[in-house]
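Below you'll find the structure, written out as structure tokens, and then a few comments.
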Amino acid sequence: MNVPEDLKYTETHEWVRVQDGQARVGVTDHAQAELTDVVYVELPKMGAKVEAKAAAAIVESVKAAGDIYAPVTGTVVAINEALENNPALVNTDPHGEGWLFAVTLDKPEELDQLKSAAEYAAMIGE
Amino acid sequence: MVDFGGWHMPVQYGGILEEHHAVRNTLGVFDISHMGEVFVSGPEAKIWLNEMLTNNVERLAPGECQYTFLLNEQGGVIDDLLVYLLEDARYLLVVNASHIDEDVAWLEAHRVPGVTIENHSDEFAGVAVQGPRAVQLFDHFFEGKISRPARNEIKRYDADCGTVWIARTGYTGEDGFELFFHAPCAVNIWNTILELGEPFGIKPCGLGARDTLRLEMCYPLNGSDLSPEHTPLEAGMSFFVDLGKPKFIGRAALAEQRQNGVPRRLVPFKMKGKTPPPRSHYGVFKNGALIAQTTSGTVSPTLGIGIGMAYVPTEFARIDEEIEIEIRGRRFPATIQKKPLHNKTA
């Protein structure tokens with residue numbers, strides 16, 4: 001399972017990439033493997049406020065719908081529109097082209113509570 | 001892995017979509033050991049079974065099977081099953097895993113002298129080989145030792161590990177075979193099928209693909225689309241009910257419905273355009289009013305669109321009728337379709 005070193009992770013299997021003062025969010029390789037076959041993604045609206053640890057998006061596979069929790073509190077400043085026509089990007093490139101949304105970092109200290117790659121890898125038994 | 005009728009079973013081996021497409025395009029194999037195998041025999045078996053089941057077992061020649069229902073007195077479905085006439089006065093009932101105990105208890109409670117009921121579900125395992133290449137696999141597997149059974153036929157094959165029953169049946173809408181055998185045969189048969197199927201790109205398939213495949217064909221799933229609250233006539237299954245028989249459990253309720261019409265009907269629907277996947281227990285709306293709950297739903301891997309089934313009031317049970325499905329508080333347009341949702345072109 002791929003657990004990139006430069007990302008931060010949640011216990012609920014989201015990843016965060018911090019760049020230009022924003023947090024880009026997606027689901028981990030481990031999560032997409034568990035979900036398999038993503039067929040629909042429901043993203044937050046641009047400008048929506050999201051709260052850390054609150055449901056912010058929904059990723060649906062053939063068999064089940066899974067809530068995606070915002071790793072940090074902020075305002076949605078970007079959403080991955082490519083997922084509308086190609087939700088399987090979440091499976092094929094979960095840490096890259098399959099990203100979900102980006103938010104402002106309203107409480108940067110929340111990043112300290114997230115897991116490092118090593119901690120997340122240990123949690124999923126890698 | 002999930003619990004399914006007390007069995008620990010995989011939802012998927014590789015991925016539901018990949019498994020689904022393998023069955024539609026080439027070949028897939030399912031472990032169906034969870035299904036129940038109940039043998040009914042004796043001089044009174046035929047007459048008694050005809051009073052327990054909706055279809056007419058008198059129409060069966062040895063080696064043939066039919067789809068049928070076990071009903072309660074109100075005409076509601078206890079279980080749907082296949083009944084095979086194996087040989088004179090000996091029947092095999094293949095029933096749903098989640099209903100084995102209930103079915104056997106019901107049958108025992110109504111048993112008469114001259115009828116023997118043997119529940120061999122625990123000793124039997126089974127596999128379903130499904131897909132356009134299933135006949136080729138059959139030929140490689142049996143190497144001419146037996147000929148292929150015809151559609152809805154069953155044949156007996158005596159292997160070293162015990163008797164293997166081979167039926168030309170399935171739950172996917174594709175051609176294929178279901179094999180029932182004693183558990184000690186299971187590992188060898190499963191591995192041989194995977195090995196011989198490899199050139200065809202065979203995939204082991206889990207419950208997830210089994211569900212998407214059967215739903216595209218509008219085959220009902222007991223516990224979802226069938227229940228004690230609905231009759232086979234409401235489920236659109238009158239072809240498997242012989243009201244010409246003078247007596248069977250549930251007949252009076254069904255005859256009344258035949259006379260006066262059914263209040264609701266199980267219909268398939270298709271979402272219009274891209275929507276979240278419909279799933280079971282979602283609200284169905286017509287003209288702003290809640291008219292039903294979905295009983296099944298998924299994204300059809302073949303059609304690439306949301307599909308499902310629901311019992312709607314008969315006045316709305318028309319092809320092309322516009323309805324709405326409520327998904328997480330939002331309503332999305334759908335239309336009622338004719339069965340099946342997937343039409344084989346081959």
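The values are calculated or read from the model by the stated rules, or taken from the named source; none is laboratory data. Owing to the predicted nature of the structure, the values given are computational and were not obtained by experimental measurement. Cβ atoms come from the backbone with ideal geometry, glycine included; neighbour counts cover every protein chain shown. Quick note on the areas: whole protein, heavy atoms, side chains included, nothing else; ligands and nucleic acids left out. Shrake-Rupley method; radii C 1.70, N 1.55, O 1.52, S 1.80 Å.
Could you go through region B:17-25 in sequence order and give the Karplus-derived ³J(HN,Hα) for each residue, using 6.51 cos²θ - 1.76 cosθ + 1.60 with θ = phi - 60°, rounded to whole Hz, and x for Gly and Pro?
Coupling constants for region B:17-25: 5, 4, 5, 4, 5, 4, 5, 5, 9 Hz.
Can you tell me the equivalent ellipsoid semi-axes for region B:27-157? Use √(5λ) from the Cα gyration tensor, largest first, whole Å.
Largest first, region B:27-157 gives 27, 17, 13 Å.
Amide H neighbours of residue B:32 under 5 Å, at least 5 residues apart or on other chains, H built in the peptide plane: list them.
B:126, B:127, B:128
Have a look at region B:240-288 and report residues whose accessible surface goes down by 50 Å² or more when the remaining protein chains are included, against the chain on its own, probe 1.4 Å, ligands and DNA/RNA excluded.
Buried by the other chains: B:274, B:279.
Can you list the residues of region A:58-81 that have at least 30 square angstrom less accessible area with all protein chains present than in their chain by itself, probe 1.4 Å?
A:60, A:62, A:63
What ratio of Cα Rg to 2.2 N^0.38 Å holds for the protein assembly as shown?
After normalising by residue count via 2.2 N^0.38 Å, the value is 1.11.
Summing both sides, how much accessible area is buried between A and B? Use a 1.4 Å probe and give Å² to the nearest 100.
Chain pair A/B: roughly 1300 Å² of buried accessible area.
Quick check for me: using +1 on Lys/Arg Cβ and -1 on Asp/Glu Cβ, what's the dipole size of chain A about its Cα centre, in debye to the nearest 20?
About 260 debye.
May I ask you to evaluate 6.51 cos²θ - 1.76 cosθ + 1.60, the Karplus curve with θ = phi - 60°, for each residue of region A:121-126 and list the ³J(HN,Hα) values in order in whole Hz, giving x for glycine and proline?
4, 5, 4, 8, x, 8
What number results when the radius of gyration of region B:264-346, computed over Cα atoms, is divided by 2.2 N^0.38 Å?
0.99
Under 8 Å for C-alpha pairs, at least 6 residues apart: give me the relative contact order for chain B, rounded to a whole percent.
Details: 785 pairs, mean separation 65.8, N = 346.
Contact order relative to length: 19 percent.
Given the whole protein assembly as supplied and a 1.4 Å probe, what does the accessible area of residue A:20 come to in Å², nearest 10?
Its accessible surface works out to 140 Å², give or take rounding.
Placing +1 on the Cβ of each Lys and Arg and -1 on the Cβ of each Asp and Glu in region A:8-111, which of A:86, A:61, A:15 has its Cα farthest towards the positive end of the resulting dipole?
Value computed over the given set: A:15.
Need one number: convex hull volume per residue for chain B, Cα atoms only, in Å³.
Looking at chain B, the number lands at 136 Å³ per residue.
Report the residue, chosen from B:134, B:45, B:89, that carries the largest GNM mean-square fluctuation when chain B is represented by alpha-carbon nodes joined by springs under 10 Å.
The residue with the greatest mean-square fluctuation here is B:89.
Keeping every protein chain present and rolling a 1.4 Å probe, give me the accessible area per residue for the protein assembly as shown in Å².
Spelled out: the 1.4 Å probe surface of the protein assembly as shown, per residue, equals 43 Å².
Could you tally up the Lys pairs in chain A with alpha carbons closer than 14 Å? Skip any pair fewer than 8 positions apart unless they're on separate chains.
Values: A:8/A:115; A:49/A:107; A:53/A:107; A:53/A:115.
Total qualifying Lys-Lys pairs in chain A comes to 4.
Mind jotting down a quarter of the surface of the convex hull over the alpha carbons of chain A, in square nanometres, one decimal? Walk me through the numbers on the way to the answer.
Numbers: hull surface 26.9 nm².
Computed as one quarter of the Cα hull surface, the answer is 6.7 nm².
Per residue in region A:27-42, which ones lose no less than 10 Å² of accessible surface when going from chain alone to all protein chains (1.4 Å probe)?
A:36, A:37, A:39, A:40, A:42
Quick one: Karplus J couplings for region A:70-75, per residue in order, coefficients 6.51, -1.76, 1.60, θ = phi - 60°, nearest Hz, x for Gly and Pro?
5, x, 9, 8, x, 10
What residues have an amide H closer than 5 Å to that of residue B:153, excluding those fewer than 5 places away on the same chain, when H is modeled at 1.01 Å from N in the peptide plane?
B:168
How much accessible area does residue B:151 have with a 1.4 Å probe, in Å² rounded to the nearest 10?
120
Carbon and sulfur: what percent of the protein assembly as shown's accessible surface (1.4 Å probe)?
49
If the rule is a partner Cβ under 4.7 Å, which cysteines in chain B fail it?
By the Cβ distance rule, which asks for a partner under 4.7 Å, the isolated cysteines are B:65, B:205, B:218.
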